[in-house]
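The values are calculated or read from the model by the stated rules, or taken from the named source; none is laboratory data. Predicted, not measured: the structure shown is a model, and the values here were computed from it. Here the Cβ positions follow ideal geometry from the backbone for every residue, glycine too, while neighbour counts run over all protein chains shown. Note: accessible area is taken over every heavy atom of the protein model, side chains too, but ligands, DNA and RNA are not part of it. Shrake-Rupley method; radii C 1.70, N 1.55, O 1.52, S 1.80 Å.
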Amino acid sequence: MALKVRNRAIRILLNLAIAICILFAGLLIYNIIFEMKIYFTNRSHLDDIAGVDKHSSEVFKKFVDEIERKTDWEVSIISGLRSKSDQIKLKKENPRNAAVDKSRHVLGRAIDINLYKRVGLHRIWLKKANSKVEWRRTGVPLIAARYQLLWGGSYHNYHDPVHFEIH
């Protein structure tokens, strides 16, 4: 009888160990896919910008690389080069957005980014809704200044801390 109980307990522990291994393997695979998606999306945005302004693309690449090297944040480029029609659509959605003739995105001279970092099993994100104070604490606006990028968080009439542009 004791042998049956012991064998059953071993089977339960073994199944639990297998389930935990599968869970962690899934989490690992998810994170690898997530990081690859960010990498290729960032690269795609920078390649699109390089198609119209190689210098801007190089500046933004160095800017992103420095953020990731000198802070504990990773970068997700959420917008780069925009077509005129996309900019017109954004302006219609929010009249406070730049007009086509004013948008640096249309010229390949602006990017919008989100920042993220892993804390335990989850990620903390900094997005447009986060305060300018939270963005300043990351050190990213100071890095932008070293590249002579205008930070959207410095606008007085519009909250756009995700925006960085070459003037």
Checklist entry - Just one of 54, 84, 117, 62 is more than 28 Å from residue 142 (Cβ to Cβ) and modelled with pLDDT of 95 or more; which is it? => result 84
Checklist entry - What is the number of the single condition among (1) under 13 Å from residue 75 (Cα atoms); (2) surrounded by fewer than 15 Cβ atoms within 10 Å (Cβ to Cβ) that residue 129 does not meet? => result (1)
Next on the checklist: Looking at region 103-151 only, could you name the residues that are more than 25 Å from residue 92 (Cα to Cα), among the aliphatic types (A, V, I, L, M) and not in a helix (DSSP H, G or I)?
Outcome noted: 115, 119, 121, 124, 126, 149
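Over 18 Å from residue 162 (Cα atoms), in a helix (DSSP H, G or I), out of contact with any Pro (no Cβ under 6 Å at 6 or more places or on another chain) and not polar (S, T, N, Q): which single residue out of 67, 33, 49, 38 fits that description? Working first, answer last.
Details: 67 fails: over 18 Å from residue 162 (Cα atoms); 49 fails: over 18 Å from residue 162 (Cα atoms); 38 fails: over 18 Å from residue 162 (Cα atoms).
33 is the lone residue from the list that is over 18 Å from residue 162 (Cα atoms), in a helix (DSSP H, G or I), out of contact with any Pro (no Cβ under 6 Å at 6 or more places or on another chain) and not polar (S, T, N, Q).
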Next on the checklist: Give me the residue from region 78-120 that is open to solvent by 50 Å² or more (accessible area, probe 1.4 Å) and touching a helix residue (DSSP H, G or I) at 6+ places or on another chain (Cβ under 7 Å) and, out of that set, nearest to residue 63 (Cα to Cα).
Outcome noted: 109
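Look at residue 125 and say whether it is on the phi < 0 side of the Ramachandran plot, touching a helix residue (DSSP H, G or I) at 6+ places or on another chain (Cβ under 8 Å) and not charged (D, E, K, R).
Values: on the phi < 0 side of the Ramachandran plot: yes; touching a helix residue (DSSP H, G or I) at 6+ places or on another chain (Cβ under 8 Å): no; not charged (D, E, K, R): yes.
Against the criterion (on the phi < 0 side of the Ramachandran plot, touching a helix residue (DSSP H, G or I) at 6+ places or on another chain (Cβ under 8 Å) and not charged (D, E, K, R)), residue 125 does not qualify.
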Checklist entry - Given the structure, is residue 165 of a type in the set (D, E, K, R), more than 20 Å from residue 56 (Cβ to Cβ), open to solvent by less than 80 Å² (accessible area, probe 1.4 Å) and at pLDDT 95 or above? => result no
Next on the checklist: Condition first: touching a helix residue (DSSP H, G or I) at 6+ places or on another chain (Cβ under 9 Å), open to solvent by 100 Å² or more (accessible area, probe 1.4 Å) and modelled with pLDDT of 90 or more. Can you find one or more residues in region 19-29 that meet it?
Outcome noted: no
Next on the checklist: Pairs needed: first member in region 51-77, open to solvent by 80 Å² or more (accessible area, probe 1.4 Å); second member anywhere, not polar (S, T, N, Q); C-beta distance under 6 Å; at least 6 residues apart or different chains.
Outcome noted: 52/108; 61/46; 72/117
